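Chemist: Quick one: structure below, then a few questions.
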Amino acid sequence: MDFHLMLEGFSSILQLQSLMLVFLGVTGGILVGSLPGLTATMGVALLVPFTFNLPIHQGVAMLLGIFSGAIYGGSISAILIRTPGTPAAAATLLDGYPLSQRGEAGRALSMSVFSSFIGGFSGALIMTFLSPQIAKFALKFSAPEYFALAMFGLSIIISVSGRSVIKGIMAGLFGLLIATIGIDPVSGYPRFTFGSMELFEGPSFIPTLIGLFAFSEVFKGVENIVTQSKVENRITQLLPSLADIKKCWKIILKSSVMGTFIGSIPGAGSDIAAFVGYSEAKRTSKYPEKFGTGVIEGVAAAESSNNACTGGAMIPMLSLGVPGDAVTAVLLGAFIIQGLRPGPLLYRDHMDVVYSVFAGMMMANVVMFIVGMLGIRIFARIISINRNILLPIIFLLSIVGSYSMRNSMFDVWLAIFFGVIGYFMQRYEFPASPILLALILGPMAESNLRRALIKSAGDFSILFTRPISAILLTLAVVSLISSLIRQMRFEKKIREESLNG
């Protein structure tokens, strides 16, 4: 690392105009992330044209601000109204929303912004010091490794199954069935599309997410609107308490490292990182049975993982010219428009730009922390709005979010359809998160398994003879068995308590 170039990078970012652009980017990113359907990718893509006439370090700093702000912003609506603004925030709502329902929205929001800052800043630091080395490792991933990674992710389903393993597995299998809808990834033949062109790419992910979590909450809220009591949330502090920090600091650091590593694998993304971080925190907890009922460690693990993923996703983009996720694919385009080609030559010919990116990512997370912390009191007031007013607002935002992805009314009806499914799942205590995991990881597992088998002429041993693939599959089995044993003990404890009570 060249400290002289690092200082030059910070000097360019700390100029007043650069700081203002980072502030605007972060604020806009938080707003975009907190609105259902308006993803970080969309926010960055919309603002790329505005950076054409800016110096490269200022334009990239603004886009990095949007990236960091949007990933954090998704947690705000997830915690307050059970509507994840981004797919990654679906892991945050598992414990964030129950905390909010208990009148502890301020506690959840303060931990969210704190752990997001630590995760994002840690990811930026790791990117600064280790990006070439991590990028070379990520380059070793091919079809068998991606399949093994997807299987490891699917093994988490039991960890997010709630009170019943059977219901969680059923929900996961339902999600895998839905994931088979669309064009076959290898042969290109349409499957289960019923002649509908809109289903050729499968059910659109964002409308499905909005339906399962947002519309279902609206339907449930309408049913209980007369009997539901108002939740009082008093904000007494802008930062987490020392007790909460002591509970969570190890989880935050561990999840930050995991999130950065997962983010550096092209195609993995912050949603996978968030669920992996959450599952690992639950697995190593002294009271795993409480996860999903409002445990502050659950919020810390999910948020630090998904924000660390921002730095991780930049690693292969800068080092290899391979985007780590959809947002960095847009950023790659922004670099090319500015006349720069990310990859090994960028490190040789434009080290000043590389270090300004490092400095910009760190500063974006600092600004995100300040803006998020100062906005906690405003955010927390949302839940105090009268339910007669709040529910129609959520309904309207959900419709706009569903429509905005492809400007399609089909997606709106799709979201409402999944909203009805989500409502009945809530009513009969089926968890929705396994469906989401299956929709994310199912296509990844199927396509890469089939590519691996084509590569090996049908020999399954390719999955077990490659070291990284074998290690990930072993971890998946260990995770599955340990989660199953833990969940069965929890269910046994619940049955014993019900009998004694």
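The values are calculated or read from the model by the stated rules, or taken from the named source; none is laboratory data. All values derive from a computational prediction rather than experimental measurement. When we count neighbours, we look across all protein chains shown, and the Cβ atoms used for this are built from the backbone with ideal geometry, even at glycine.
Chemist: State yes or no: is residue 406 at pLDDT below 90 and assigned to a loop (DSSP other than H, G, I, E, B)? Write out each step before concluding.
Modeler: Values: at pLDDT below 90: yes; assigned to a loop (DSSP other than H, G, I, E, B): yes.
Yes: the conditions hold for residue 406.
Chemist: Also, I was wondering about something else. Looking at region 80-91, can you tell me whether even one residue there is surrounded by 24 or more Cβ atoms within 10 Å (Cβ to Cβ) and more than 25 Å from residue 269 (Cβ to Cβ)?
Modeler: No, region 80-91 contains no residue that is surrounded by 24 or more Cβ atoms within 10 Å (Cβ to Cβ) and more than 25 Å from residue 269 (Cβ to Cβ).
Chemist: For the structure I just gave you, tell me whether residue 144 is in a loop (DSSP other than H, G, I, E, B), in contact (Cβ under 8 Å) with a residue 24 or more places away in the chain and crowded, with 23+ Cβ neighbours inside 10 Å.
Modeler: On the way: in a loop (DSSP other than H, G, I, E, B): no; in contact (Cβ under 8 Å) with a residue 24 or more places away in the chain: yes; crowded, with 23+ Cβ neighbours inside 10 Å: yes.
No: the conditions fail for residue 144.
Chemist: Inside region 322-334, can you point out the residues that are modelled with pLDDT of 70 or more and surrounded by fewer than 24 Cβ atoms within 10 Å (Cβ to Cβ)?
Modeler: Those that are modelled with pLDDT of 70 or more and surrounded by fewer than 24 Cβ atoms within 10 Å (Cβ to Cβ): 326, 329, 330, 332, 333, 334.
Chemist: Give the residue, chosen from 300, 281, 274, that is in the same structural domain as residue 7 (by TED's automatic domain parsing), touching a Gly at 6+ places or on another chain (Cβ under 7 Å) and within 27 Å of residue 110 (Cα to Cα). Walk me through how you get there before you give the answer.
Modeler: Numbers: 300 fails: touching a Gly at 6+ places or on another chain (Cβ under 7 Å); 274 fails: touching a Gly at 6+ places or on another chain (Cβ under 7 Å).
Unique residue meeting the criteria: 281.
For (1) part of a helix (DSSP H, G or I); (2) basic (Lys, Arg); (3) under 21 Å from the mean Cα position of the chain (by Cα); (4) at pLDDT below 75, each residue gets a yes or a no:
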position	(1), (2), (3), (4)
310	yes, no, yes, no
314	yes, no, yes, no
341	no, yes, no, no
345	yes, no, no, yes
354	yes, no, no, no
360	yes, no, no, no
365	yes, no, yes, no
368	yes, no, yes, no
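Yes/no per residue for (1) surrounded by fewer than 24 Cβ atoms within 10 Å (Cβ to Cβ); (2) under 16 Å from residue 367 (Cα atoms):
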residue	(1), (2)
47	yes, no
60	no, yes
74	no, no
96	no, no
